[in-house]
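J.: Below is a structure I'd like to ask you about.
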Amino acid sequence: MLEHLSDPFAAIGDIHSMLKPNGIALITEAFRKVNPNLPTHLAANAKYDGLTPFMFLKQGMLLSWYDRKMGGKPMEFLRLNNNVSFITKLLKFMHLIKDKTIRAGYFKAIRLNYHNAVKQFIKKCIGK
């Protein structure tokens, strides 16, 4: 459902606020599926493909499970306590990066977003 929203981060924040500590959210998303047959999928959200576990971590929720047989969907996120330190979040980030599937999606998204940012910068510089 996140691919339909203009502000997925705000939606994740809302999910976080509705859950008690250690509460679970089961999430599916299809950020990469943008085509004429899916007109309600926002093209602007394609940049988030591969970043869902990190978006949830930023909002204080940790990926606790995902279906490896179904392409990583659905994903289960566990709400962390409110007083999570920066060090704890950094360790959780490193834990996510250790997972081969999660890491591949993350670095693919970083490369794609970097290339798109460079293209936009060049267009602004040359006026096209």
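J.: When you check Leu51 against the structure, is it in contact with a helix residue (DSSP H, G or I) (Cβ under 9 Å, 6 or more places away or on another chain) and at pLDDT 85 or above, yes or no?
T.: yes
J.: A further question on this structure: Somewhere in the range 26-44, is a residue at pLDDT 90 or above and more than 23 Å from Leu112 (Cα to Cα)?
T.: yes
J.: Being modelled with pLDDT under 90 and either assigned to a loop (DSSP other than H, G, I, E, B) or among the β-branched types (Val, Ile, Thr) (or both) narrows it down to one of Lys89, Lys73, Lys123, so name that one.
T.: Lys73
J.: Identify the residue in the range 2-24 that is modelled with pLDDT under 95 and among the hydrophobic types (A, V, I, L, M, F, W, C) and, among all such residues, is surrounded by the most Cβ atoms within 10 Å (Cβ to Cβ).
T.: Among those that are modelled with pLDDT under 95 and among the hydrophobic types (A, V, I, L, M, F, W, C), it is Ile12.
The values are calculated or read from the model by the stated rules, or taken from the named source; none is laboratory data. Quick caveat: nothing in here was measured; it's all calculated off a predicted structure. Using ideal geometry, Cβ is built from the backbone for each residue, glycine included, and neighbour counts are taken over all protein chains shown.
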